[in-house]
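The structure under discussion appears below in the form of structure tokens.
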Amino acid sequence: MQTIRWGILSTGNIAGSFAEGLAHVEDAELVAVGSRSAESAERFGAKYNIPHRHATYEALAADPDVDAIYVASPHTGHLEHSLICLGGGKAVLCEKPFTINAREAEHLVAEARSRGLFLMEAMWTRFLPHIVEVRRLIADGAIGEPRMLHANFGFRREFDPAHRLFNPELGGGALLDLGIYPVSLAWMIFGAPEQVLSAADLGSTGVDEQSAYILRFPGGKLAVLSTATRTVIPIDPVISGSAGQIVLHRPWNAPSSITLQRPGEPDYTFGPAHVGNGYNYQVHEVHRCLREGRTESTIMPLDETLAIMRTLDDLRAPWGLRYAADQA
């Protein structure tokens, strides 16, 4: 197949990271950007040498030279903006979290499936080489039966009520922005939980500034997870099994590495050289699917994305944290 031509919807920091990653994909071409203003589209387009610079998202979706669009807007806009792109007949890679809640996710998935168009959540870490190696090791029985996961992701950021991490109108809170990483990792390892427990500290804007979760899976398997935007916490997850453990070293970054530890054996460390900034690996999966005529990824399937969104809803329900989209 010829080069796959990409557009980027929105011009924020993560859109820039995606543009930089895309430059390392040989069969990809960044041809268009869409923004809510001509000025922003022009600035972004000039910075990344993008020929088509659209002042509206609708114009981007209608661009006949675009095959696939990366939706990089804040997650409060993911449903609306992805629907615009699907309406233009484009394949869509939507930034995580997929939507604000499960109801929005169900709407979006139903629309993509009814149109027969490709759609995937941009959980970029799932495609990084060290996470691919984790899946291989577990499948090969390297740690025996996986039994427990301890995973955290957080940092301390100075409080700013207007920033998306703290602003409820932008879907703020540690869970949706950061906690989704360990939650998604737990799903990747164990599948669907049968019980979820959680607690959170809500800040002055009403969103969670730190929160913790216990997920119980069939057979008594457990995931103990936490996240924070105002607290420095460790971020080296450990997957423990009946015959050993895998330590993931700062896995939410690229490059990263893992260490397999088994009693009485030397450690095995896997730390490959990365290509680009890591955002490029998910693009290879999109291209694979498009070339094989697939509308969904087998590595980040839509049913799993839907189930994860339901888990996130269940985790925050006891806190009383509700967004505007929850009341719609």
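Annotation for the stretch 41-78 versus the stretch 199-271: alpha-carbon center distance of 35 Å.
Using a Gaussian network model of the chain in which every pair of alpha carbons under 10 angstrom is joined by a spring, one finds that among P255, P266, P234 the greatest mean-square fluctuation is at P266.
For the stretch 112-180, a simple Cβ point-charge model (Lys and Arg +1, Asp and Glu -1, everything else neutral) yields a dipole of about 220 debye relative to the Cα centre. Projecting label points 7 angstrom from Cα along Cα→Cβ for E42 and A324 puts them 2.9 nm apart.
When you restrict to C-alpha pairs under 8 Å that are six or more residues apart and normalise by the size of the stretch 166-285, the relative contact order lands at 16 percent.
For the stretch 155-274, with only Lys/Arg (+1) and Asp/Glu (-1) charged at the beta-carbon, what is the dipole magnitude about the Cα centre, in debye rounded to 20?
Dipole of the stretch 155-274, to the nearest 20 debye: 220 debye.
Measuring between their Cα centroids, the stretch 118-148 and the stretch 286-327 lie 17 Å from each other.
Could you work out the relative contact order of the stretch 105-200? I mean the mean sequence separation of Cα pairs under 8 Å and 6+ apart, divided by the number of residues, in percent.
Values: 37 pairs, mean separation 16.4, N = 96.
It rounds to 17 percent for the stretch 105-200.
Taken about its Cα centre, the chain carries a charge dipole of about 300 debye when Lys and Arg each add +1 at the Cβ and Asp and Glu each add -1 at the Cβ. With the simple spin-label model, which puts each label point 7 Å out from Cα in the Cβ direction, the E194 to E20 separation comes to 4.5 nm. Using C-alpha pairs below 8 Å separated by at least 6 residues, the relative contact order for the chain is 18 percent. Considering only R147, R164, R291, the Gaussian network model of the chain with Cα springs below 10 Å gives its largest mean-square fluctuation to R291. Of the residues A223, P161, I69, the one whose Cα sits farthest toward the positive end of the charge dipole of the chain, with +1 on the Cβ of Lys and Arg and -1 on the Cβ of Asp and Glu, is A223. Toward the positive end of the charge dipole of the chain, with +1 on the Cβ of Lys and Arg and -1 on the Cβ of Asp and Glu, the farthest Cα among P182, A19, H249 is that of H249.
Working note: Karplus 6.51/-1.76/1.60 with θ = phi - 60° gives the stretch 94-106 the couplings 9, 4, 7, x, 3, 8, 6, 8, 5, 4, 5, 4, 4 Hz, where Gly and Pro are set to x.
For the stretch 191-204, 3J(HN,Hα) computed residue by residue from phi via the Karplus equation (6.51, -1.76, 1.60; θ = phi - 60°) reads x, 7, x, 9, 8, 10, 10, 7, 8, 8, 10, 8, x, 5 Hz, glycine and proline entered as x. Look at the dipole of the chain built from charges on Cβ: of N49, I138, L9, the Cα furthest out on the positive end belongs to I138. Evaluating 6.51 cos²θ - 1.76 cosθ + 1.60 at θ = phi - 60° for every residue in the stretch 299-312, the Karplus couplings come out as 8, 10, x, 5, 4, 6, 4, 4, 5, 5, 4, 5, 5, 4 Hz, glycine and proline recorded as x. When the Cα gyration tensor is reduced to axis lengths a ≥ b ≥ c, the ratio a/c stays below 1.5 for the stretch 1-130, which is therefore classed as rounded.
With both residues required to sit in the chain, DSSP beta bridges show an antiparallel share near 55%.
Where a number appears in this text, it was derived from the coordinates with a stated rule and is not lab data. Computed from a predicted structure; not experimentally measured. Note that each Cβ is placed from the backbone with ideal geometry, even for glycine, and that neighbours are counted across all protein chains shown.
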